[in-house]
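Working notes for the structure below.
The values are calculated or read from the model by the stated rules, or taken from the named source; none is laboratory data. Predicted, not measured: the structure shown is a model, and the values here were computed from it. We place every Cβ from the backbone using ideal geometry, glycine too, and count neighbours over all the protein chains shown. We work out accessible area using only protein heavy atoms, side chains counted, and drop any ligands, DNA or RNA first. Shrake-Rupley method; radii C 1.70, N 1.55, O 1.52, S 1.80 Å.
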Amino acid sequence: MVKLRILDDNGDTTLELEPQEAIERMRQETDRGRWLYLNGEVVNMDQLTTEDVKTANEIVSTPMLKGGSF
């Protein structure tokens, strides 16, 4: 099982999923404009493998950060 932590305005939720299910959920998260981190590094879904997900110590989905000036 893989743990996927999802951060949002209400706090955070941790899901325990099979690796393939985790990848599908991660794809849904990025389709919603969210960022994914594996072991603290931003990941590109196009380069992510099932093995990456299986061996990750931490997987986190966060809202996209937007920069700008006042």
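Computing the accessible area with a 1.4 Å probe over protein heavy atoms, can you report the carbon and sulfur percentage for region 1-68?
Carbon and sulfur together cover 43 percent of it.
So what's the back-of-envelope 222 nm ellipticity for the chain, counting only DSSP H runs of four-plus at -39500 (n - 2.57) apiece and dividing by all residues, rounded to 500?
About -8000 deg cm²/dmol.
How far apart, in nm, are two points set 7 Å out from the Cα along the Cα-to-Cβ line at Trp35 and at Asp9?
Result: 2.0 nm between the two label points.
With the contact rule set at Cα under 8 Å and sequence spacing of 6 or more, what percent relative contact order holds for the chain?
Contact order relative to length: 37 percent.
Give the angle, between 0 and 90 degrees and rounded to the nearest 10, that separates the Cα long axis of helix 19-31 from the longest principal axis of the Cα atoms of the chain.
Helix 19-31 sits roughly 20 degrees off the main axis of the chain.
Around Glu18, which amide H atoms from residues at least 5 apart in sequence, or from another chain, sit under 5 Å from its own amide H, with H modelled in the peptide plane?
Sorted by chain and number, the residues that satisfy this are Val2.
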